[in-house]
1. Across the stretch 63-83, what is the number of residues that are in contact with a Leu (Cβ under 7 Å, 6 or more places away or on another chain) and away from the ligand (no atom under 12 Å from the Cβ)?
2. Out of everything in the stretch 350-375 that is more than 6 Å from the ligand (Cβ to nearest atom) and closer than 17 Å to A118 by Cβ, what residue ends up being surrounded by the most Cβ atoms within 10 Å (Cβ to Cβ)?
3. Could you list, in sequence order, the residues of the stretch 159-181 that are hydrophobic (A, V, I, L, M, F, W, C) and either farther than 11 Å from V249 by Cα or more than 15 Å from the chain's Cα centre (by Cα) (or both)?
4. If you go through the stretch 84-105 one residue at a time, do you hit one that is among the aliphatic types (A, V, I, L, M), out of contact with any Leu (no Cβ under 8 Å at 6 or more places or on another chain) and surrounded by fewer than 20 Cβ atoms within 10 Å (Cβ to Cβ)?
5. When you go through I310, I283 one by one, which is the residue that is modelled with pLDDT of 95 or more and among the hydrophobic types (A, V, I, L, M, F, W, C)?
6. Kindly list the number of the only condition in (1) within 16 Å of the ligand (Cβ to nearest atom); (2) modelled with pLDDT of 95 or more; (3) buried (at least 20 other Cβ atoms within 10 Å of the Cβ) that fails for V248.
7. Kindly check whether there is at least one residue in the stretch 136-143 that is surrounded by 21 or more Cβ atoms within 10 Å (Cβ to Cβ) and within 25 Å of L376 (Cα to Cα).
8. Pairs, please: C-beta under 7 Å, at least 6 apart or cross-chain, first residue within 18 Å of G364 (Cβ to Cβ) and more than 10 Å from the ligand (Cβ to nearest atom) and in the stretch 251-276, second of a type in the set (F, W, Y) and in a helix (DSSP H, G or I)?
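The values are calculated or read from the model by the stated rules, or taken from the named source; none is laboratory data. Fair warning: this is a prediction, and the values are worked out from it, not measured in the lab. Positions of Cβ are generated from backbone atoms using ideal geometry, with glycine treated the same way; all protein chains shown enter the neighbour counts.
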Amino acid sequence: MRAEINADNFSVGSAGGEIPTVTLKQLEADPHGAFRAYRKEYPVVLHETGGYFVLRFSDVDGLSKDPRFRPSGTIFPEMQGFGTGTMFDAFDYGMLTADGDVHRRRRAPFSRLFAARAINEMRPSIRRTAEDLIEDWYGVGELDFFNEFAAKLPARVVADLLGLPREDIPEFTLLVYEVTKIFSLGLNPDDVVGIEKAGHRLREYVDKVLDERRRSPSGDFLSAFLAAAAEGGEMSPEEILYQIFALVVGGTDTTRVAIVMQVALLLQHRVQWAEVCRDPDRISGAVTEAMRFEPSVGAVTRVTSEDADIGGTVIPAGQLVALSTMSAMRDEMAYDRPDIFDIHRTGQPRLHPIFGYGAHRCIGEAIARAELEESLSAITARIPQLDLDVPPTINGHFGIRRVDAMRVSWKP
Ligand code: HEM
């Protein structure tokens, strides 16, 4: 028998000690409310569309180091309807889903290039990009913040990193934002076709860029990556291509959603917004808290290599498991008053759960933080009088979450 959940008040129950099933409708209606209600009673829930969700901070943190929880290979794209093709290959050849030595060789060429020191050197140019985007609109006094700022900043940063021409940005941004829809649970067949088509075009584009750079290396990031990959001599052309594909995909939408949410949350908490405007030392704490409160990624995915008992609930071997960082970061057992947005919060974990764990911890964390901090700093310095006209709605609870729109205005 299945457990019951009441979507209105999230009272939960489970007959016969079975793992309860949470539905898509319930999670779409109020993901934090649903997680909160279940988390109290159960360490693990089944998701209606497949897979298990681990909800409590202590379990998410502990299982992230448990060798029985392995990278998920191609289980996720197959579950979403991508049995072959570009999107399947992106997971098959990518680093996120690879294990052991295969993962190490795919990630290794990036290690030096993504070191915090190398990324800190990019800060002035990231700051300039943010300032340029603001200046484009400053005199107008209003801005489609979602499309004209939050979507453009990460796309320009990734384009600059890879040496892509500025005129290619609109096209490749469109493709990336289509491809990342793969992380929404409950896709229909038309979605699958659209995502695969966009993935295929993005693959062709990355292939072309790599070809050009091989023919004429320029001493930039991409040339250095290709040289490091050639030096290791272990990566196939497909592997090389899909690591750059992953970088473009992983480096844009995640950050776009985070930029939207941090500014929206601060504008919805006006006293804290004013504090950040007055005191730039508050920026780092504000960024950290916004990523906890409304994260742009909902979970970290693993697969069980053997049966795993979690607080009396057994997840069988071979199952897709979402370690729900989104639920864990609102766990009252780990955070004081977790449903309050508070940029003064102390005691946040040293490593922010939003960027994942262990060998797979986000390789782009330093760039993401640089983008989030520099953009918030540029905005609060230039437009402290900013008003939130259309607040964003954030949806999703699994991979990259979705934000629809956000508009702001100000008196120039
Ligand atoms: C706020 C922004 C970002 C968030 C929330 C985020 C989150 C994550 C998470 C949760 C993982 C998986 C970790 C795991 O499985 O344990 C990951 C991996 C990854 N991210 Fe990010 N990310 C962000 C920005 C970026 C950026 C800017 C880039 C690149 C420019 C990037 C590239 C990658 C790559 C390549 C991986 C795979 C790493 C591996 O498997 O070894 N991410 N990220």
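1. 4
2. Applying the filter and picking the extreme gives E371.
3. Across the stretch 159-181, the qualifying residues are A159, L161, L162, L164, I169, F172, L174, L175.
4. Here is the first cut: in the stretch 84-105, the ones among the aliphatic types (A, V, I, L, M) are 87, 90, 95-96, 98, 102.
From what is left, the residues that are out of contact with any Leu (no Cβ under 8 Å at 6 or more places or on another chain) are 87, 90, 95-96, 98, 102.
After this cut, where a residue has to be surrounded by fewer than 20 Cβ atoms within 10 Å (Cβ to Cβ) as well, the list is 102.
Checked the stretch 84-105: at least one residue is among the aliphatic types (A, V, I, L, M), out of contact with any Leu (no Cβ under 8 Å at 6 or more places or on another chain) and surrounded by fewer than 20 Cβ atoms within 10 Å (Cβ to Cβ).
5. Of the residues listed, the single one that is modelled with pLDDT of 95 or more and among the hydrophobic types (A, V, I, L, M, F, W, C) is I283.
6. (2)
7. yes
8. Short answer, once both residue conditions are applied: V260/F145; V260/F146.
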